[in-house]
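The values are calculated or read from the model by the stated rules, or taken from the named source; none is laboratory data. In this text the structure is predicted, and so the values were computed from the model without any measurement. Note: ideal-geometry Cβ built from the backbone for every residue, glycine included; neighbour counts use all protein chains shown. We work out accessible area using only protein heavy atoms, side chains counted, and drop any ligands, DNA or RNA first. Shrake-Rupley method; radii C 1.70, N 1.55, O 1.52, S 1.80 Å.
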Amino acid sequence: MFLHYWGGSARTWDLVVEGLAGRDIITVDFRGWSRSGGLPGPYTLRQLADDTLAVLADAGVADYLLVGHSLGGKVAQLIAATRPAALRGIVLVGPGPAKPPARITPAYGQALAHAYDSAESVADARDRILTATDLPEAVKARIVADSRGGADAARTEWPLRGIAEDICEHTRMISVPALVVAGENDQVEPVDVLVDNLMPCLTGADFMVIPKTGHLIPLEAPAELVDAITAFAPTD
């Protein structure tokens, strides 16, 4: 089960899914984004977690691995904290840390809330902050389209509220095996932030760094992410 980043969509995972041929896969568009853009709010972390659990229940999934990227990683922590019986493990990819770092101030959130105001602002954020590697033009265009494809209230919920929410007490309740995957050159959720603001809340988790990549690991380093997922949860 794959959960996308703030500004992403189910198709953010396309290259990763291709590398996991033979496995049953579910990808979702969060409430307020892409194909789910017409769904009403709230767009809170808890609502997204509840939506995900509802999708799993509706699909009758009895055994699954949860993979969450950035915003999706923070949602995955809330889901895992409820200790679903069918959950076997979590992979957190450049995740929003359980405890917000000191740089996450109201002023920071207000500025971030405007990152996706236009195609030009998305492209600027993509090239200066979100990525550390060059991407094909088709993938660059997909990032812009997805980031502009969210409902206005969904676009602002994460920077104004979700990013600053401290969920460490929930993350401490996670009991399944966990892997945290960081990008060496990630400017959004840097390695040191994840070490300091997530790992202390996530007892016994494994931690790995993918060299050279930025924040958009599923798009920048899909093969390496596939290898990490496969090693963490090999097929029987």
Which numbered condition MET173 fails, given (1) farther than 18 Å from HIS215 by Cβ; (2) over 19 Å from the mean Cα position of the chain (by Cα); (3) part of a helix (DSSP H, G or I); (4) of a type outside the set (D, E, K, R): (3)
Scan of the range 7-27 for residues that are in a loop (DSSP other than H, G, I, E, B) and either of a type in the set (Gly, Ala, Ser) or open to solvent by 20 Å² or more (accessible area, probe 1.4 Å) (or both), ordered by number: GLY7, GLY8, SER9, GLY19, ALA21, GLY22, ARG23, ASP24, ILE25, ILE26
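Among the listed residues VAL122, VAL139, which satisfies the condition of being closer than 25 Å to GLY38 by Cα, hydrophobic (A, V, I, L, M, F, W, C) and touching a Lys or Arg at 6+ places or on another chain (Cβ under 9 Å)? Lay out the reasoning, then the answer.
Working: VAL139 fails: touching a Lys or Arg at 6+ places or on another chain (Cβ under 9 Å).
Every option except VAL122 fails the conditions.
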Qualifying helices (runs of 4 or more DSSP H) (wholly inside the range 64-151; at least 3 residues being in contact (Cβ under 8 Å) with a residue 60 or more places away in the chain and surrounded by 20 or more Cβ atoms within 10 Å (Cβ to Cβ)): 71-81, 137-148
Of residues in the range 32-47 being in contact (Cβ under 8 Å) with a residue 40 or more places away in the chain and part of a helix (DSSP H, G or I), the one least open to solvent (accessible area, probe 1.4 Å): LEU45
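So which of ALA59, ALA138, ALA123 ends up being at pLDDT 95 or above and within 24 Å of LEU20 (Cβ to Cβ)? Explain how you work it out, then say what you get.
On the way: ALA59 fails: at pLDDT 95 or above; ALA123 fails: within 24 Å of LEU20 (Cβ to Cβ).
On inspection, the qualifying residue turns out to be ALA138.
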Filtered residue count, the range 203-236, keeping only those that are surrounded by 14 or more Cβ atoms within 10 Å (Cβ to Cβ) and assigned to a loop (DSSP other than H, G, I, E, B): 7
